[in-house]
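What follows is calculated from the coordinates using simple rules that are stated; it is not laboratory data. Predicted, not measured: the structure shown is a model, and the values here were computed from it. As a convention, Cβ positions derive from the backbone with ideal geometry for all residues, glycine included, and neighbour counts pool all protein chains shown.
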Amino acid sequence: MTMTDLEDDDQLLARLTGLARRIDPVPSEVVAAATGSFAWRTIDLELAELVYDSAEEPDLVGVRSEGGGRHLTFATDTVTVEMEIGEAGGVVGQLVPPQPAAIEIRHRSSTTALVADHLGRFQGPGVPSGPMSLRCRPDSGRGAIATDWLVI
Amino acid sequence: MEAEPTAKLVVAAAAGERWAWDELVSRFAGLVWSIPRDHGLSPADAADVSQTTWLRLAEHLDRIRDPERLCAWLATTARNESVRTLRRAQRQRPLDPASLSFIREDGRSVESGLLEAERDAALWRAFEALPSFCQVLLRTLMSDPAPSYADVSELLGMPVGSIGPKRNRCLDRLRRRSEFARPLPKDTGTSSDRRAVG
């Protein structure tokens with residue numbers, strides 16, 4: 001192999017292609033997870049987008065939120081979900097406006113069911129790291145939402 | 001390539017067609033995987049970013065404004081999630097950004113073992129240093145089966161006529177950087193036993 005090989009565009013691209021496959025093939029379990037994601041579709045719920053993530057904030061010297069957890073806010077036009085994920089993965093959250101609701105935290109391959117009280121507060125045990133999304137069905141029957149997925 | 005247009009697959013998958021989803025995955029899994037890896041994330045983190053990207057797509061299927069540009073949507077989503085993951089990692093443990101492209105978090109050094117030769121390492125480093133539009137374009141052109149320019153045009157939202165010139169320009173940059181990045185030959189041990197690739 002000499003430098004002249006790389007002077008031909010097609011050969012250069014072919015070489016790069018071989019290199020990419022050899023260095024970094026897509027693991028089969030990653031493809032399987034992508035395929036399996038289809039089963040997690042939520043069709044009947046409104047999608048709440050991520051509007052705040054403390055992980056996005058620049059580090060302020062000397063200013064640390066208490067507990068060091070990660071704060072997330074998801075919102076639709078009618079409901080806001082504020083939540084904190086603690087260092088150990090524990091979840092504490094608040095619905096705005098406050099209202100009782102059934103909460104479901106979806107992660108990896110299972111879900112954790114929680115209940116928001118009449119003040120809209122909910123709290124739950126550790127959520128494993130990886131993709132996470134939350135579903136919320138208010139007891140009123142109106143304004144059910146699912147949040148965007150993100151990595152925690 | 002006489003494949004279904006991506007936009008059709010998006011619409012079919014949104015209607016619940018499993019085969020369409022599977023086809024989307026087989027078409028773009030490589031691209032989605034490559035983005036967190038190009039950001040220097042470990043295989044475990046890249047797997048999380050990849051799965052999150054596909055889960056998001058599943059939720060967004062009927063909300064994608066421009067299904068023809070799904071490729072760009074996937075790339076952007078994976079990139080944002082990669083950057084977020086990277087920031088969290090840096091917060092917990094400062095990383096030297098200069099090292100990210102060369103040493104993966106799993107301890108694999110591109111130079112050691114995996115690559116057959118320094119030339120390949122230089123070529124790969126050069127690829128990782130390309131502007132992201134070049135990386136996305138070249139990654140797309142590397143897809144198997146190789147996409148037609150019409151497909152690439154649809155995937156990346158570029159006029160068909162601009163793909164050839166952009167491809168050439170990106171490959172030129174790659175070539176120049178690769179030559180520049182190539183380490184000086186140390187001895188004769190590694191240069192003679194190179195195998196052809198591709």
Against the longest alpha carbon principal axis of chain A, how many degrees, from 0 to 90 and to the nearest 10, is the axis of helix A:9-23 turned?
50 degrees
Over the whole of A:23-29, what's the average partner chain Cβ count within 10 Å per residue? Rounded to a whole number, please.
6
Across peptide B:124-134, how many C-beta atoms of other chains are within 10 Å of each residue C-beta, on average?
1
Give the Debye-formula value of log10 I(q)/I(0) at each listed q (0.19 Å⁻¹), with one equal scatterer per alpha carbon of segment A:19-152, two decimals each.
-1.10
A:GLU7/B:SER132 FRET efficiency (R0 25 Å; Cβ-Cβ; nearest 0.05)
0.50
Using a 10 Å cut-off around each Cβ of peptide B:42-54, what is the average number of partner chain Cβ atoms that fall inside?
6
Two-site label geometry, B:GLU179 and B:VAL83: point separation in nm, points 7 Å out along Cα→Cβ
3.4 nm
Which order do peptides B:130-139, B:156-165 fall in by mean Cβ count within 10 Å, highest first?
B:130-139, B:156-165
Expressed in angstrom and rounded, the centroid-to-centroid distance over alpha carbons for segment B:121-182 and segment A:14-54 is 22 Å
Counting only DSSP loop positions in segment B:26-75, the trypsin sites (Lys or Arg not before Pro) whose Cβ has at most 13 other Cβ atoms within 10 Å are B:ARG63, B:ARG65
